[in-house]
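Notes follow the structure.
The values are calculated or read from the model by the stated rules, or taken from the named source; none is laboratory data. Keep in mind it's a predicted model, so treat the numbers as computed, not measured. Cβ atoms come from the backbone with ideal geometry, glycine included; neighbour counts cover every protein chain shown. Accessible surface areas use protein heavy atoms only, side chains included; no ligands, DNA or RNA. Shrake-Rupley method; radii C 1.70, N 1.55, O 1.52, S 1.80 Å.
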Amino acid sequence: AQSVTQLDSQVPVFEEAPVELRCNYSSSVSVYLFWYVQYPNQGLQLLLKYLSGSTLVKGINGFEAEFNKSQTSFHLRKPSVHISDTAEYFCAVTPMDSSYKLIFGSGTRLLVRP
Amino acid sequence: EAQVTQNPRYLITVTGKKLTVTCSQNMNHEYMSWYRQDPGLGLRQIYYSMNVEVTDKGDVPEGYKVSRKEKRNFPLILESPSPNQTSLYFCASSPPGGMGTQYFGPGTRLLVL
């Protein structure tokens, strides 16, 4: 079985400051990893994903994430946030041998203040 | 435009009154799924379908039904809604070999009184 932990339920940050949203996972099998973003009153959209290869992956809107297998982490980072980045961010995993089932973390609400 | 649509977007109902939330995708995806989103719990899968006439339970299927008679449609049925089914519901679809990449609808916010 798989599980995903996002320890920070809310992260307040000032505009133009850097941010890191933390994600740790647990799995007995190899997984693909994802970050999805949910803007207010919208559905989720894919921000970035790690399937294989380079452990540093870049996504849309200047976000990037680094896969760390030894620490079973997939933290999301952005060097300088904008007000428009205010949203809820979900980390998710899917087993490589059954890659249709997404297991989500509880989400982190990023609140960017002017 | 490639998209997943859901209707209605908002629904208030009373306990026991059967309802259906529709989901449709125009991307010819084989895989479709329903999730519910609750505060502090993230998204949990209710049911999924690998193809027409093939459906299976997710993690929280109790109180829900689904059907997949056509590739593009995947309705969620609540035969006798209860207040604990008050939630935000998302439909999603994925292409073959999508490797976890799913396309989500805009969500349906349901309140059961």
Stokes-Einstein diffusion coefficient for the protein assembly as shown at 25 °C in a medium of 0.890 mPa s, Rh from the Kirkwood formula over Cα pairs: what value in µm²/s? 136
Suppose we keep just the DSSP beta bridges with both residues in chain A; what percent of those would be antiparallel, to 5? 90
Note: the stretch B:1-55 at 20 °C, 1.002 mPa s; Kirkwood Rh on alpha carbon pairs; Stokes-Einstein D in µm²/s works out to 160
The stretch A:40-114 - convex hull of the alpha-carbon atoms, volume per residue in Å³: 114
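Heavy atoms only, probe 1.4 angstrom, no DNA, RNA or ligands counted: give me A:ILE83, B:ILE12 ranked by accessible area, highest first. Provide the component values of the computation, followed by the final result.
On the way: A:ILE83 70, B:ILE12 120 Å².
Sorted by accessible area, descending: B:ILE12, A:ILE83.
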What residues of the stretch A:89-113 lie in the reach of a label at B:LYS57, counting those whose backbone N is under 20 Å from a point 7 Å from the Cα along Cα→Cβ? A:100-104
Show me you know the interface measure: the accessible area buried between B and A, both chains summed, probe 1.4 Å, in Å² to the nearest 100. 1700
Kirkwood Rh over Cα pairs of chain B into Stokes-Einstein at 25 °C, 0.890 mPa s: D in µm²/s? 176
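May I ask you to give the percent of accessible area on the stretch B:30-113 that is carbon plus sulfur, with a probe radius of 1.4 Å? Display every interim value, and only then the final one.
Details: 1900 of 3510 Å².
The C+S portion of the solvent-accessible surface of the stretch B:30-113 is 54 percent.
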Suppose the chain between A:TYR39 and A:PHE14 were pulled fully straight at 0.36 nm per residue; how much longer would it get relative to their current alpha carbon spacing? 7.2 nm
With unit charges on the beta carbons (Lys and Arg positive, Asp and Glu negative) and the dipole taken about the Cα centre of chain A, which residue among A:VAL37, A:LEU76, A:SER27 sits farthest to the positive side? A:SER27
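Round to the nearest 0.05 the FRET efficiency obtained for A:MET96 and B:GLN3 when R0 = 30 Å and r is the Cβ-Cβ distance. Please report the intermediate quantities before stating the final value.
Working: r = 28 Å, r/R0 = 0.93.
Here the calculated transfer efficiency is 0.60.
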Reduction of at least 40 Å² in accessible surface, 1.4 Å probe, comparing all protein chains with the chain by itself, residues of the stretch B:15-52: B:GLN37, B:LEU43
What trypsin sites (Lys or Arg not before Pro) in the stretch B:3-56 are in a loop by DSSP, with at most 12 other Cβ atoms within 10 Å of the Cβ? B:LYS17, B:LYS18
Hey, can you find the accessible area per residue of chain A for me, probe 1.4 Å, expressed in square angstrom? 47
Taking the simple approach of a point 7 Å from Cα along Cα-to-Cβ for both A:GLU64 and B:VAL14, what is their distance in nm? 5.8
Take the solvent-accessible surface of the protein heavy atoms, probe 1.4 Å, and return the percent of it on the stretch A:9-114 that carbon and sulfur atoms account for. 50
I'd like the residues of the stretch B:83-113 whose 1.4 Å-probe accessible area shrinks by no less than 40 Å² going from the isolated chain to the full set of protein chains. B:MET99, B:GLY100, B:THR101, B:GLN102, B:PHE104
Per residue, how much accessible area does chain B show when a 1.4 Å probe rolls over the protein heavy atoms, in square angstrom? 47
